[in-house]
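Here's the structure, in structure tokens; my notes come after.
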Amino acid sequence: MYKSPGYSAASGRKGSSIVEAMEILGEQGRWRKFDAVMKRVMEKMADPDVSILVTFEAIVASYYRCEFAKAAELLQKAFDLIPQTKCPIEHQAHTLYTMSAIKRREGKHQESDHAIHLAMQVIRHVEPGRNAGEVFYNCACLLAQVNSGSTKRDNKTFIDAKQNFLLAIDHFQRGIQGRVYTVSCGNKLRKAFIRLAMLLLDCSVDAKNVGRPISEDDLRMAANCLTKVESDLWEGITLRARCFWLMATAVLSYRLQQFSRATDCARTAYDIATSLAFQPEVQFAHNLMTMLSYATHTPQPGQEFLTLEY
């Protein structure tokens, strides 16, 4: 397995502590604090290996806030920093999978697919763990989004997405056992289990796929994924991850005809997303509540499905 020459364990630990602090601030929607930390670090940090990691977190923040012009600017900065770093292969993989995620959220699936394809080539030379897990995770999310946007579920796309989520889970679990990024890998492991559950439940962002039939095996596996998060990974869960867990649990409860719990979970997810100003999640939770109101024959005046606009 390739390991970048000159890699500094001390630099890795320093970078990971900064990154994990910023990652949690972003997942909690604490943007004022996040921006202050990012500005302070970028002004004082001379190590390009740490600077590029902070840049990646800034790109993720732009992803959450749907600031795509800012994300493009930061991606270019990351590409410019890569040759100056001691771990160019790992940073190249990181830049490519981050680009894929941004393009996916913009709805530019072809560009997202191209970026993740390149990232897949690069991770052959990257040690197992966080970065490799992120590549598989973003590939899975892209496939899941393509599948949920189709009028009929494509079995091959579904199976490929499921396999990539499982690979991501494996890499994040390995990352937890490593010396750095244990908190970050734990956060990402939760999200991978939740997004796998959403795939299995055929849970699309407009909530209109929820009525499509799924197998008992998929239903059971989805329930196990959500139970795993609640029973083993709940401590330290971020508000954004909690929001997604609630939305997935709402869909699971709906499929089990537990309508009261489904509505409660969707409403709580909506409240969290609104408080954090995560607009795509706000729209997702709103659509879930709309779907549930029609399913239980209790639509509210003016309540209708929203089209997600990034």
### Message
If residue 32 satisfies all but one of (1) surrounded by 16 or more Cβ atoms within 10 Å (Cβ to Cβ); (2) part of a helix (DSSP H, G or I), what's the number of the condition it fails?
### Response
(1)
### Task
Run down 58, 10 and say which single residue is in a helix (DSSP H, G or I) and at pLDDT 90 or above.
58
### Message
Cβ contacts < 7 Å: first residue within 16 Å of residue 276 (Cβ to Cβ) and at pLDDT below 90, restricted to region 16-31; second residue buried (at least 17 other Cβ atoms within 10 Å of the Cβ) and basic (Lys, Arg), any location; separation 6+ or different chain. Result?
### Response
none
#### Entry: region 274-310, residues that are at pLDDT 80 or above and touching a Pro at 6+ places or on another chain (Cβ under 8 Å)
290, 293
### Message
When you scan region 43-55, do you find a residue that is under 26 Å from residue 161 (Cβ atoms) and crowded, with 17+ Cβ neighbours inside 10 Å, even just one?
### Response
no
### Message
Taking the conditions exactly as written (hydroxyl-bearing (Ser, Thr, Tyr), at pLDDT below 95, out of contact with any Asp or Glu (no Cβ under 9 Å at 6 or more places or on another chain) and within 29 Å of residue 273 (Cβ to Cβ)), does residue 98 satisfy them or not?
### Response
no
### Task
Scan region 127-164 for residues that are under 19 Å from residue 284 (Cα atoms), surrounded by fewer than 24 Cβ atoms within 10 Å (Cβ to Cβ) and small (Gly, Ala, Ser) and jot them down.
148, 149, 150
### Query
Out of the residues in region 242-264 that are farther than 16 Å from residue 222 by Cα and crowded, with 20+ Cβ neighbours inside 10 Å, which is nearest to the chain's Cα centre (by Cα)?
243
### Query
Can you name every residue in region 138-158 that is of a type outside the set (Val, Ile, Thr), more than 9 Å from residue 97 (Cα to Cα) and in a helix (DSSP H, G or I)?
140, 141, 142, 143, 144, 145, 147, 148, 155, 156, 158
### Subset of region 124-141 [among the acidic types (Asp, Glu) and without any contact (Cβ under 8 Å) to a residue 60 or more places away in the chain]
134
### Residues satisfying the stated conditions in region 198-241, i.e. at positive phi and either crowded, with 21+ Cβ neighbours inside 10 Å or charged (D, E, K, R) (or both)
202, 207
### Query
Looking at (1) without any contact (Cβ under 8 Å) to a residue 60 or more places away in the chain; (2) farther than 28 Å from residue 273 by Cα; (3) β-branched (Val, Ile, Thr), can you tell me which one residue 59 breaks?
(2)
### Message
Given the criterion in contact with a Ser or Thr (Cβ under 9 Å, 6 or more places away or on another chain) and either without any contact (Cβ under 8 Å) to a residue 24 or more places away in the chain or not acidic (Asp, Glu) (or both), identify the matching residue among 168, 161, 144.
### Response
144
## Note on the structure
Within region 265-275, the residues that are surrounded by fewer than 24 Cβ atoms within 10 Å (Cβ to Cβ) and either in contact with a strand residue (DSSP E or B) (Cβ under 9 Å, 6 or more places away or on another chain) or not acidic (Asp, Glu) (or both) are 267, 268, 270, 272, 274, 275
### Task
Would you confirm whether any residue within region 106-123 is touching a residue at least 40 places away in the same chain (Cβ under 8 Å) and outside any loop (DSSP other than H, G, I, E, B)?
no
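The values are calculated or read from the model by the stated rules, or taken from the named source; none is laboratory data. Because the structure is predicted, anything quoted here is derived from the model rather than measured. Neighbour counts are summed over all protein chains in view; Cβ atoms, including those assigned to glycine, are modelled from backbone coordinates with ideal geometry.
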